[in-house]
Number of protein chains: 2
Amino acid sequence: MKLKLNLDYIENFVSPSDLASFDDRLNAAYTALLDGSGKGNDFIGWRDLLINYDKDEFARIKLAAEKIKKNSEVLLVIGIGGSYLGARAAIEFLKSPFYNNMKKDTPDVYFLGCSISSDELYEVMQLCEGRDVSVNVISKSGTTTEPAIAFRIIRGMMEKKYSKDELKERIFITTDKCRGTLKSFADREGYETFVVPDDDGGRFSVLTAVGLLPIAVCGIDIDKIMLGAQNARANYLEKGTESDACKYAAVRNALYQSGKKIELLCSYESAFRYMTEWWKQLYGESEGKDGLGIFPASVVFTTDLHSMGQYIQDGERTLFETVVMQNGAKNIVNVPYDEENLDGLNFIAEMPVTEVNKKAFLGTLLAHNDGGVPNIVIEYETRDEETFGEMVYFFEFACGISAYILDVNPFNQPGVEAYKKNMFALLGKPGYEELGKELRSRIENIK
Amino acid sequence: MKLKLNLDYIENFVSPSDLASFDDRLNAAYTALLDGSGKGNDFIGWRDLLINYDKDEFARIKLAAEKIKKNSEVLLVIGIGGSYLGARAAIEFLKSPFYNNMKKDTPDVYFLGCSISSDELYEVMQLCEGRDVSVNVISKSGTTTEPAIAFRIIRGMMEKKYSKDELKERIFITTDKCRGTLKSFADREGYETFVVPDDDGGRFSVLTAVGLLPIAVCGIDIDKIMLGAQNARANYLEKGTESDACKYAAVRNALYQSGKKIELLCSYESAFRYMTEWWKQLYGESEGKDGLGIFPASVVFTTDLHSMGQYIQDGERTLFETVVMQNGAKNIVNVPYDEENLDGLNFIAEMPVTEVNKKAFLGTLLAHNDGGVPNIVIEYETRDEETFGEMVYFFEFACGISAYILDVNPFNQPGVEAYKKNMFALLGKPGYEELGKELRSRIENIK
């Protein structure tokens, strides 16, 4: 396995007997996830999809990616939540947070339809000026407000740039297999479609066409990603409740029960930033319900040791850290020797920067432990496709188990509807007239 | 004033008498900040510096920015924590999160020395290949590990690219006025220097040379920024404890006392993302001590309504939101009319996207209020320099007051030293031998 879980740095906080007290709940959670008898069991497709996936569609994803690489300088990915976070995380992690600035033979990728910002829409259109563009719209229903608005605007831009026939080579729709607005639209226009599976929630969909098409466009090897996830799956099935994923699920529940209400996902690489955003959706949306759930937050060290570090060391003692540490690098840079040694750094001259980072990590572990902060540690060697696939499956599998231990449905998100309903009502959407009246009168009374 | 504070959406959570119970502490805090009698009073230079600043240096900042604009395609800013967050926040907010991708007549700006990532260092050097580069190193002492490592490496790169005389036009040092490694080095090499003031902590330094030089390089009007901050200062002095800054400070303490332990800074513009990072350092580092402090976290809506939205609506009821809402835009895009209306969006056809965003904001306010989440609202019109300056001063002033109400020293950060000491010891820095031995044996015993 590429990931190594290390629980040495929680031992002062969670005793073996504390942990053992979760055994029954862990066993029940594991059984429920495996035999599909748990809450939300209509949405556990992700558990086996990386084995059972549609091989023909997978081949089409690669072909479409090749086409986009050849004919485009920019790929616009239009989607929100689970429809963009996984792909963005993969691209930053496996390529670079500077991907769009790098010299390369693959297109720039910009994400749209994940906000309602006028400036963002305008600025991204500016970035497309004079350049060849393809579009991948990702929406199960086709009616989610944010991506639907962006697609209306971007369709206009594309129709000005290209003929109807050219658009068939440039617009790709990832949506429901047979129903919905986007599916009918794509069929009529002759746009190629890919499937958002029925039994997979958005936040569990990065290893389907939802994530894989934009990822493949960047020249990332999606076979290796699937292999990493498959290895994880095989391992977790073989090891049962002794797997690292199950241990992580149990330990974070034990910490939560002991009063640690905030989990900080920490890394030491800025390339990991969007992995933490993906993880926050995965855990926040899966567990944050019924008045329960660990609050997921994130930091990138060492930079945020000079920002959130003070709080972590000395603030309220209600948090724990899960540190995802990369030991190697794609490119090893050494600290240069400097004869004058004005900055006093010669004691680390010729040392690889990775080694300095590792010592910062170990020093921080001990410091935060001393400050009363338990640390779960996950180590990996470098940013490669197999590691990414394994990590995705690790966090997904652990998330299902963890939410079952907490006794909440990991696979729904009823709370996301509340703002949408209010927004529709305030925008005057037909069918929401009563609610609109009520909300407007509330706002007026408040003011 | 450009910012409008609206406390209507906390009224169900904090009663007037709850708030009034903070009056004495607020008065005392205000007095302490104004007469300089509070904790950490050596570091309240920021309070008046925007009036008393060194006008000659300010003029030199502008000249240096012009020089860099003319001779460079890339500016590398080397600094960590308060030495980069403010500038990065300003550039993304006032220019664009896509600034480095935009066609423009100002240099790209990359931030280095804010991590110990080998890949990041390597990738940024790649981005400099074949391009003209200037460097601004920002470090009070010159010995902070992260920027010192980066500067050693980047000096090597620059010395290969340029002659000694050319380097004098390309390396700018922001450091202590008279002491320290970087100051001596700069003087000897003939590099222009700017001052990190003595009486200003890093997180309060964006309106000094620390932030202003990189900001000016991007073509942002730093006079207007200062004007915005000056207006805020005049207003807060005139209004006393009735100012918006004081109200914000009191309200967040009242919420904290009522059990709201997490403050989420929310915006509806991705351009605001680094403003939230700047804010997290400001509040986390100022208040997170002595086992106290609101945990600062952030989200960008509507995107994170499809990620953290579920938790906010339905998770543990220990959080409140501070929403910074932008009502206008630099560029107004409308939702196009579509005769076919496949996506059903014609009920908002021809509506400005800013208006849709506003309704999403109002709908979310009400939904989160109904879910038990108090909302402090701060509104502004658009992303301009005056607004930025005012916002910086608003949050800084409120932060000082807020920490005094909490009875902690807003201006120190003792907890940041813990990881540094351990890191030095593990790296074998002379003078840390004993601690090194102790830590290594702890790590071995753990493993």
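The values are calculated or read from the model by the stated rules, or taken from the named source; none is laboratory data. Since this is a predicted model, take the numbers as computed values, not measurements. Cβ coordinates were reconstructed from backbone atoms using ideal geometry, including for glycine residues, and neighbour counts include every protein chain displayed. For accessibility, only protein heavy atoms count, side chains too; no ligands or nucleic acids. Shrake-Rupley method; radii C 1.70, N 1.55, O 1.52, S 1.80 Å.
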Rel. contact order, % - alpha carbon contacts under 8 angstrom, at least six apart, the stretch A:49-220
32 percent
Mean Cα-pair separation over length for chain B, i.e. relative contact order, pairs under 8 Å, 6 or more apart, %:
23 percent
Which trypsin sites (Lys or Arg not before Pro) from the stretch A:87-132 combine a DSSP loop assignment with at most 10 other Cβ atoms within 10 Å?
A:K103
Relative to the longest principal Cα axis of chain A, at what angle does helix A:416-427 sit, 0 to 90 degrees, rounded to 10?
40 degrees
So the label point sits 7 Å from Cα along the Cα-to-Cβ vector; using that for B:D407, what distances do you get to the other copies, in nanometres, sorted shortest first?
3.9
Taking the dipole of the stretch A:110-219 about the Cα centre (Lys, Arg +1; Asp, Glu -1; charges at Cβ), the one of A:S134, A:F194, A:P214 that reaches farthest to the positive side is A:F194
Top mean-square fluctuation among A:M325, A:M351, A:M157, Gaussian network model of chain A, C-alpha springs under 10 Å?
A:M351
Let me spell out the model: positive unit charges on the Cβ of Lys and Arg, negative unit charges on the Cβ of Asp and Glu, origin at the Cα centre of the stretch B:23-89. What dipole size does that give, in debye rounded to 20?
420 debye
Links that overshoot a 25 Å alpha carbon limit, given the list A:K2/A:K330; B:K69/B:K164; A:K421/B:K330; B:K2/B:K95
A:K421/B:K330
What lysines does B:K70 reach when the alpha-carbon gap must be under 18 Å and sequence neighbours fewer than 8 apart in one chain are set aside?
B:K62, B:K103, B:K104, B:K161, B:K168
Gyration tensor verdict on the protein assembly as shown (Cα atoms; rounded if a/c is under 1.5, prolate if a/b is larger than b/c, oblate otherwise):
rounded
Find which of A:Y84, A:W279, A:M226 sits farthest along the positive direction of the dipole of chain A, computed with +1 on the beta-carbon of Lys and Arg, -1 on that of Asp and Glu, about the Cα centre.
A:Y84
Classify the stretch A:327-374 as rounded, prolate or oblate, taking a ≥ b ≥ c as the square roots of the eigenvalues of its Cα gyration tensor: rounded when a/c is under 1.5, otherwise prolate if a/b is larger than b/c and oblate if not.
oblate
With both partners inside the protein assembly as shown, how many of the DSSP beta bridges are antiparallel, as a percent to the nearest 5?
10 percent
Sort shortest first the distances from A:L34 to its counterpart in every other copy, using label points 7 Å along the Cα-to-beta-carbon line, and give them in nm.
6.9
In degrees from 0 to 90, rounded to the nearest 10, what is the angle of the helix A:353-370 Cα long axis to the longest principal axis of chain A?
70 degrees
Label spacing, shortest first and in nm, from B:E73 to its equivalents in the remaining copies (7 angstrom along Cα→Cβ):
1.5
Let's see if you can work this out: charge +1 on each Lys and Arg Cβ, -1 on each Asp and Glu Cβ, no other charges. What is the dipole magnitude of the stretch A:49-220 about its Cα centre, in debye to the nearest 20?
200 debye
Protein accessible area in the protein assembly as shown, 1.4 Å probe - carbon and sulfur %:
48 percent
Might you report the magnitude of the Cβ-based charge dipole of the protein assembly as shown about its Cα centre, with Lys and Arg at +1 and Asp and Glu at -1, to the nearest 20 debye?
700 debye
Separation in nanometres of the label points that stand 7 Å from Cα toward Cβ, at B:F347 and A:D42
2.4 nm
Find which of A:A64, A:M1, A:L49 sits farthest along the positive direction of the dipole of the stretch A:1-83, computed with +1 on the beta-carbon of Lys and Arg, -1 on that of Asp and Glu, about the Cα centre.
A:A64
Mean residue ellipticity at 222 nm from the helices of chain A, using -39,500 (n - 2.57) per DSSP H segment of n ≥ 4 over the full residue count, to the nearest 500 deg cm²/dmol?
-15000 deg cm²/dmol
In chain A the DSSP beta bridges are antiparallel at a rate, in percent to nearest 5, of 10 percent
Considering only chain A, pick the residue with its Cβ nearest the axis of the rotation onto chain B, and state the distance in whole Å.
A:A297, 2
Modelled label-to-label distance, B:R131 and B:K330, 7 Å Cα→beta-carbon offset: nm?
1.8 nm
Accessible solvent surface per residue of the protein assembly as shown, calculated while the other protein chains remain in place, 1.4 angstrom probe, Å²:
33 Å²
